[in-house]
Amino acid sequence: MKILVTCKRVPNPEHKLKIAGGQLDLSAAAWQLTTFDEYAVETALRLTEKGKGGERSGEVVAVSIGPKDVGQQLRGVLAMGADRAILVGGPGTEDAALDAIAVARVLASVVGREKPDLVVLGKQTVDGDSNQVGQMLAGLLGWPQATFLASIRLGADGKSATVTREVDAGVEEKRVRLPAVVTVDLRIIGKKAVRNEALAGADAEWDETQRYASLKGIMAAKKKPIAEKKLTELAVAEADPANAKTRWRKLELPPARQAVKLVPADDPAAAGKELARLLREEAKVI
Amino acid sequence: MKFLVFIEQRDGKIRKASLEALSLARKLGGGPAAAVLPGKGVTALANDLGAYGAGTVYVADRDDLALYSNKGYVGALDAAATKCSPDAVLIAATAMGKDVAPRFAARHDVSVLADVMDLRVEGDRLVAWRPVYSGKARAEVDCGAASLQIATTRPNVFAAEAVSGAPAPAVETLDLGEVAPKPRSRRSSTSPRRTSSCRAAGASRGRKTGR
């Protein structure tokens, strides 16, 4: 089984954002893989190994779009266990030119060349938070899609997968034919959320976290290839910022929260009345 | 500006988030908007949409749309868009809306203003504020060069305003042909989850992750 997994780098989500003149200052950003994409990598690895730490079968290919130093994050993914990586860079891959549909077009071209059985993406990245690329990629390819996965079980014949999806009413179960595009949510890294019984048996379970690169993995990753591609090589037109279908005009910090109003509770009955009055007359929520 | 709004229903009840999107479309468009309502046994619900701003409701009422399927529901939305050629499409940013909107957008070679918290019209462009970086910042975004403008609206942000005495909408049935597949998904019951503003802590490293 061949799995293509997307890897986007984002500024460390725990760091404060520096915004100047309506733009984000990323000059000192500490880059890392976005969490949902880490989960996507973990999902792909679990689908191709004989239980935790077991032998691998099949191929996991990581793909990213961006400048050369994204190679650092891709090297980390190779150290986790992915087999090889593709980095799409060069003219037309700047952030301003690449909105969701442009990214989906690049990925569709990569999928057309790699012909994977499954594409796994994080459901969204923690920078743009737009939650679109997986669905668009499936649309461009005309493949079945399953978004927000809480679990995935490969069919014994390798031609379909049964998944559960996180939806508003609870969890929805469905079957998708392969090849398909799936996007993963938080619960996908549960102990038994990823099942490939034909390969790993029914009892296989993993740690409830994505794996860290081992020293052996880091050494092995140095020898794994990262193929650098330009848009022209992928036969994708260079995206033009003037032609982007969505544009970021400016960025700002959210408005500060209003001060909290404390109701003194010396007299519980009066405090209750006052609280009810405030909720009704000022906050207008009851 | 002509709006088309995707209406989501669950268990025979229109979801409030869709009514919010419909009210917003009426406000921004300065008059009744078109709506599309896919599902099974949903025709009877179409009249209720008039009060919230629907002038025309395109109904796709079929057995094979009883359960949500991306192909069937996006097919219904696309069929309605073909009929009314809207300038803009609004969809509530629910789990279903987030599954539907980008796939529909890909058919039209455009992107989506996702999960917007504020939406306005400038000239012929939709302009929105939306949360980014897990809510640590907000971005002002527009639809750039998109021919068809699409936005998903965050639930519980916009008001669902019913106007009494609004005329009943014109109801048109969509002929989807064979686009909808047989339903294969089933909904297993668990407790309802919050639709919006719901943020879960990153599972393993205590990271905040945007939801």
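So in segment B:125-177, with the set limited to residues that are touching a residue at least 60 places away in the same chain (Cβ under 8 Å), of a type in the set (Ser, Thr, Tyr) and touching an Asp or Glu at 6+ places or on another chain (Cβ under 9 Å), which one is farthest from B:Val42 (Cα to Cα)?
Among those residues, the one meeting the criterion is B:Tyr133.
Which one of the conditions (1) surrounded by fewer than 24 Cβ atoms within 10 Å (Cβ to Cβ); (2) outside any helix (DSSP H, G or I) does B:Ala51 fail to meet, given that it meets all the rest?
Checking B:Ala51 against (1) surrounded by fewer than 24 Cβ atoms within 10 Å (Cβ to Cβ); (2) outside any helix (DSSP H, G or I), the one that fails is (2).
Residues in segment A:80-98: is at least one polar (S, T, N, Q), in contact with a helix residue (DSSP H, G or I) (Cβ under 9 Å, 6 or more places away or on another chain) and either assigned to a helix (DSSP H, G or I) or at pLDDT 95 or above (or both)?
Looking for residues that are polar (S, T, N, Q), in contact with a helix residue (DSSP H, G or I) (Cβ under 9 Å, 6 or more places away or on another chain) and either assigned to a helix (DSSP H, G or I) or at pLDDT 95 or above (or both), one finds none in segment A:80-98, hence no.
Before we move on, is A:Glu38 closer than 17 Å to A:Ala221 by Cβ, outside any strand (DSSP E or B) and out of contact with any Gly (no Cβ under 7 Å at 6 or more places or on another chain)?
yes
Being more than 7 Å from chain A (Cβ to nearest Cβ) and touching a helix residue (DSSP H, G or I) at 6+ places or on another chain (Cβ under 7 Å) is the filter; apply it to segment B:121-151 and report the residue that is nearest to A:Ala108 (Cα to Cα).
B:Ile150
For A:Val194, state whether it is in contact with a Lys or Arg (Cβ under 8 Å, 6 or more places away or on another chain) and under 24 Å from A:Gly53 (Cβ atoms).
yes
For residues that are part of a strand (DSSP E or B) and within 8 Å of chain A (Cβ to nearest Cβ), scanning just segment B:99-120, find the one that is surrounded by the most Cβ atoms within 10 Å (Cβ to Cβ).
The qualifying residue surrounded by the most Cβ atoms within 10 Å (Cβ to Cβ) is B:Val112.
Condition first: at the interface with another protein chain (Cβ under 9 Å from one of its Cβ atoms), touching a residue at least 60 places away in the same chain (Cβ under 8 Å) and among the hydroxyl-bearing types (Ser, Thr, Tyr). Can you find one or more residues in segment A:120-128 that meet it?
Within segment A:120-128, one or more residues are at the interface with another protein chain (Cβ under 9 Å from one of its Cβ atoms), touching a residue at least 60 places away in the same chain (Cβ under 8 Å) and among the hydroxyl-bearing types (Ser, Thr, Tyr).
Are any residues in segment A:22-39 within 13 Å of another protein chain (Cβ to nearest Cβ) and touching a residue at least 24 places away in the same chain (Cβ under 8 Å), and if so, which ones?
Residues satisfying the conditions are A:Gly22, A:Gln23, A:Leu24, A:Gln32, A:Leu33, A:Thr34, A:Thr35, A:Phe36, A:Asp37, A:Glu38, A:Tyr39.
Can you pull out every residue in segment A:136-150 that is more than 10 Å from chain B (Cβ to nearest Cβ) and buried (at least 22 other Cβ atoms within 10 Å of the Cβ)?
A:Leu149
Which one of A:Val70, A:Val10, A:Val63 is surrounded by 15 or more Cβ atoms within 10 Å (Cβ to Cβ), in a helix (DSSP H, G or I) and modelled with pLDDT of 90 or more?
Numbers: A:Val10 fails: in a helix (DSSP H, G or I); A:Val63 fails: in a helix (DSSP H, G or I).
Within the list A:Val70, A:Val10, A:Val63, the selection yields A:Val70.
Go through segment A:228-270 and report how many residues are outside any loop (DSSP other than H, G, I, E, B) and within 14 Å of chain B (Cβ to nearest Cβ).
Of the residues in that region, 9 qualify.
Out of segment A:13-41, which residues are of a type in the set (S, T, N, Q) and either under 20 Å from the mean Cα position of the chain (by Cα) or crowded, with 20+ Cβ neighbours inside 10 Å (or both)?
Selection gives A:Gln32, A:Thr34, A:Thr35.
In segment A:127-176, how many residues are aromatic (Phe, Trp, Tyr) and part of a strand (DSSP E or B)?
Let us first name the residues in segment A:127-176 that are aromatic (Phe, Trp, Tyr), namely A:143, A:148.
Retained after the next criterion (residues that are part of a strand (DSSP E or B)): A:148.
Selection size over segment A:127-176: 1.
Kindly indicate whether any position in segment A:125-148 is closer than 20 Å to A:Glu49 by Cβ and not hydrophobic (A, V, I, L, M, F, W, C). Steps first, please.
Filtering segment A:125-148 down to residues closer than 20 Å to A:Glu49 by Cβ leaves none.
So far as segment A:125-148 goes, no, none of its residues is closer than 20 Å to A:Glu49 by Cβ and not hydrophobic (A, V, I, L, M, F, W, C).
Only one of (1) modelled with pLDDT of 95 or more; (2) surrounded by fewer than 24 Cβ atoms within 10 Å (Cβ to Cβ) is not met by A:Asp168, so which one is it?
(1)
Could you tell me how many of the residues in segment B:5-33 are free of Cβ contacts under 8 Å to residues at least 60 places away in the same chain and within 12 Å of the chain's Cα centre (by Cα)?
3
Only one residue in A:Val111, A:Val182, A:Val133, A:Val126 is surrounded by 23 or more Cβ atoms within 10 Å (Cβ to Cβ), within 23 Å of A:Ser57 (Cβ to Cβ) and among the β-branched types (Val, Ile, Thr). Which one? Even if it seems obvious, please write down each step before you answer.
Working: A:Val111 fails: surrounded by 23 or more Cβ atoms within 10 Å (Cβ to Cβ); A:Val133 fails: within 23 Å of A:Ser57 (Cβ to Cβ); A:Val126 fails: within 23 Å of A:Ser57 (Cβ to Cβ).
Being surrounded by 23 or more Cβ atoms within 10 Å (Cβ to Cβ), within 23 Å of A:Ser57 (Cβ to Cβ) and among the β-branched types (Val, Ile, Thr) holds for just one of A:Val111, A:Val182, A:Val133, A:Val126, which is A:Val182.
For segment A:42-52, does any single residue satisfy the condition of being closer than 21 Å to A:Gly122 by Cα and either touching a helix residue (DSSP H, G or I) at 6+ places or on another chain (Cβ under 6 Å) or exposed (fewer than 15 other Cβ atoms within 10 Å of the Cβ) (or both)?
yes
Determine whether A:Lys223 is among the basic types (Lys, Arg), in a loop (DSSP other than H, G, I, E, B) and surrounded by fewer than 13 Cβ atoms within 10 Å (Cβ to Cβ).
Spelling it out, A:Lys223 is indeed among the basic types (Lys, Arg), in a loop (DSSP other than H, G, I, E, B) and surrounded by fewer than 13 Cβ atoms within 10 Å (Cβ to Cβ).
The values are calculated or read from the model by the stated rules, or taken from the named source; none is laboratory data. Just so it is clear, the structure is predicted and the values come from calculations on it, not from any experiment. Positions of Cβ are generated from backbone atoms using ideal geometry, with glycine treated the same way; all protein chains shown enter the neighbour counts.
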